[in-house]
Amino acid sequence: MTNKFNIQNIEPNILKDIYTMMFRIQECDQRIQRWLTAGKLQFQYYPCGGQEAIPSAFTALLNDDDYMITTYRCIHDVLAKGSSVKDVFSEIAGKKEGLCQGKGGPMHLSDPEKGLMVTSGIVGGGVPIANGFGLSSILNKTGKITLVSFGDGAANIGAVHEAMNLAALWQLPVIFLCQNNQYAEYTAYSDSTKSKNLTKRADSYEMHSINVDGRNPVSLYYAAKEAIDRARDNKGPTFVEAVCDRLQGHAFGSEEEHMDQEKLSYAKNNSPIKKFREQLISENILSIDEIEQIEADATNEVDNAEEYTEKCLPPTESDLYDDVFSDNRDIPDLDSSVHSLEPRIINEENSENITYCQSITNTLDYALGTDESIVIMGEDIADPAGGVVKATYGLSTKYGLERVRPTPISEQAIVGAAIGASMAGLRPVAEIMVNDFLGVCMDQVTNHAAKLRYMSGGKTNVPITIRTMIAGNVGSFGAQHSQSLESWLTHSPGIKVVAPGTPSDLKGLLLSCIYDDDPCVVMESMGLYFGSGQVPIGDYRIPLGLADIKREGSDITIITYGASLLNALEVASELENDGISVEVLDLRSLVPLDKNSILNSVRKTKRAVVLHGAVKFCGFGAEISSFIHENLFTDLKKPVARIGSAYTPIPFSKDLENYHFPNNENIKATIKNLM
């Protein structure tokens, strides 16, 4: 333990600040528990008793604009980073005046003005995001550092290891602060790992590490100084293990029987605040009168915050939908007008005939060349590979590896870094190689990217774009490389989802996603990569939430998106010979959804088929079908039909794969049955 440093070498004002913060944290922590005991508040609370010294020492050396990310046991970290007690109290009471307008609560506090960017209720979930803030500091040369705090339980989670590896690889100014309180919820440290100390894990990533007594503010100060100085001197990340004691059960009201009672009793009688108070007096750094004044001021601040909170008002129903997206018009639940756009005429004079794949390359090239905030990252994206289908070929050669960043095979680290970078002012484009791999990083996508804006009360934006490829129905990739998982994403409020079916739509939608202030997922289709079409040159954007009639008709509407557009157009052409006039409506955007175009088309044709390549059962088509029936029931001549894939994993055999996916004959037969 590095606990033998001289207290006299630390400026008295810093020591005073550390004690002030420690006592302030203790007062808040205990007041919250008294509220809960009295029944004034009801929520799950995770006390921080015994850990007050750790953030108090670290934040004494951080700048106000340095970044912090923490976890659900967070009240000590949040207050140490500078958030006011009244803002925190009103938030955990669920009030509109709260730090996050009552939308975050005690496990999701954020205060970007103070540098507190993310509090994640998912164990270890916030750690990959720290790398994005570190990356932004390097690219923008801001000198800011990022402190990410987590517990010993999180140290066993894969996302943390992915993040540590990437931080070391990219030499990011990130401090990984493990507050080892020796219990992962109800499980003792010795029952979670065979590691004698966690710093050894940093060695495998060639990362500098420090093991420190987390009970001792003086030792913590020197550990913090070492880690912070290294980060500011561009010496890369540091892993700090601060060993401390948790002075109570896992959550408020939890039993303590699972804890070592002898050690717990000793720790309570020798708490960090008690010992530090005695040391400050014995070393003549603060007098008893000075300390008592600090304590009285802290108690008074907490009293005032409690009184303020009791007067605050709760949010109203009108606040519910605010902050899901940067623009409420994009929320599918709301009957709001879609964005409008005069169609741009695409001709040979202002366009080029290129493939879908080349359209991706050209769009990313245009974005990188016109905006320094654009950065792309993903597996194998750099030359000479240039991506698995060459969609990013040439970009790393042209723009360098700082902005076209190849990554390890670490989907959680990729998306997490993109999230953090986007919150720090960049506009990252992250590539997840195939749709199936979203399952590996779904926590980052749906629990973080999708929710951070809302949980912050609209104080943060997450302008991240995720490109991902659907590889089904192109030739025997099998069950784990072929899925179309858009319904996972559309069921997660806060994510925008597009599925372009032509090279020009790919450019228009991808560029709009890059410049959208919300997280977007672009669902590309491998089956379209080598088809060609006219694509506008230069800045070409299609507003999200705007469908397109790809073929006009009068008898029936096929509503589709992505690669299924090709099937729909082929079928429409073939059925024309049978005297059936088919309108093809390409949704292009699933969230936001162009409801008006759906209603207008089906109101005209009075028949509809919803077609997609994903599994039919619980697929996105069910939502469209339900919407049509709810709004046009009396207009319909026949019930809406749905066409999708069979309820099976996608088989390897090409013969079986052909049976799995919809085909033109299925589609034609369905349409004829509706006539």
**Message:** What whole-number distance in Å separates the alpha-carbon centres of the stretch 611-648 and the stretch 202-235?
**Reply:** 57
**Message:** How much length would be gained if the chain were fully extended between residue 270 and residue 577, taking 0.36 nm per residue of separation minus their Cα-Cα distance, in nm to one decimal?
**Reply:** 101.7 nm
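Given +1 on the Cβ of Lys and Arg, -1 on the Cβ of Asp and Glu, and no further charges, what dipole in debye does the stretch 351-536 carry about its Cα centre, rounded to the nearest 20? Don't skip to the end; give the middle numbers.
On the way: 11 positive and 18 negative charges, 50 e Å.
Its charge dipole is roughly 240 debye.
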**Request:** May I ask you to compute the full-extension gain from residue 263 to residue 203, defined as 0.36 nm times their residue separation minus their alpha-carbon distance, rounded to one decimal in nm?
**Result:** 18.6 nm
**Asked** Amide H neighbours of residue 591 under 5 Å, counting only residues 5+ apart in sequence or on other chains, H built in-plane at 1.01 Å?
**Response** 497
**Request:** Using a/c under 1.5 as the rounded threshold, could you call the chain rounded, prolate or oblate? The axes a ≥ b ≥ c are square roots of the C-alpha gyration tensor eigenvalues, and prolate needs a/b larger than b/c, oblate otherwise.
**Result:** prolate
**Item:** Net length gained if the chain between residue 235 and residue 517 were fully extended (0.36 nm per residue, minus Cα distance)
**Value:** 98.3 nm
**Size-normalised alpha-carbon gyration radius of the stretch 351-536, reference 2.2 N^0.38 Å** = 0.95
**Asked** the stretch 86-125 to the stretch 499-554: how many Å between their Cα centroids?
**Response** 36
**Prompt:** Against the longest alpha carbon principal axis of the chain, how many degrees, from 0 to 90 and to the nearest 10, is the axis of helix 503-514 turned?
**Reply:** 20
**Message:** Output wanted: per-residue J couplings in Hz (rounded whole) for the stretch 585-591, from phi through Karplus 6.51 cos²θ - 1.76 cosθ + 1.60, θ = phi - 60°, x for Gly and Pro.
**Reply:** 9, 8, 4, 6, 10, 8, 9
**Complete:** When the charge dipole of the chain is computed with +1 at the Cβ of Lys and Arg and -1 at the Cβ of Asp and Glu, the Cα pointing farthest to the positive end, of 83, 23, 259, is that of 259
**Asked** How many nm separate the modelled label positions at residue 673 and residue 603, each set 7 Å beyond the Cα in the direction of the Cβ?
**Response** 2.9
**Request:** Rank 127, 148, 106 by how far each Cα sits towards the positive end of the charge dipole of the chain (+1 on Lys, Arg Cβ; -1 on Asp, Glu Cβ) and give me just the farthest.
**Result:** 127
**Fill in**
Measuring from the longest principal axis of the C-alpha atoms of the chain, the long axis of helix 12-38 (C-alpha) lies at a number of degrees, nearest 10, equal to 70
**Item:** Over the chain: helical MRE at 222 nm, DSSP H runs n ≥ 4 each giving -39500 (n - 2.57), nearest 500
**Value:** -11500 deg cm²/dmol
**Asked** Helix 411-423 versus the longest principal axis of the chain: what is the Cα-based angle in degrees, 0 to 90, to the nearest 10?
**Response** 80
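No value in this document is a laboratory result; all are computed from the given coordinates. Being a predicted model, the structure only gives us computed values, none of them experimental. Positions of Cβ are backbone-derived with ideal geometry, glycine not excepted, and every protein chain shown enters the neighbour counts.
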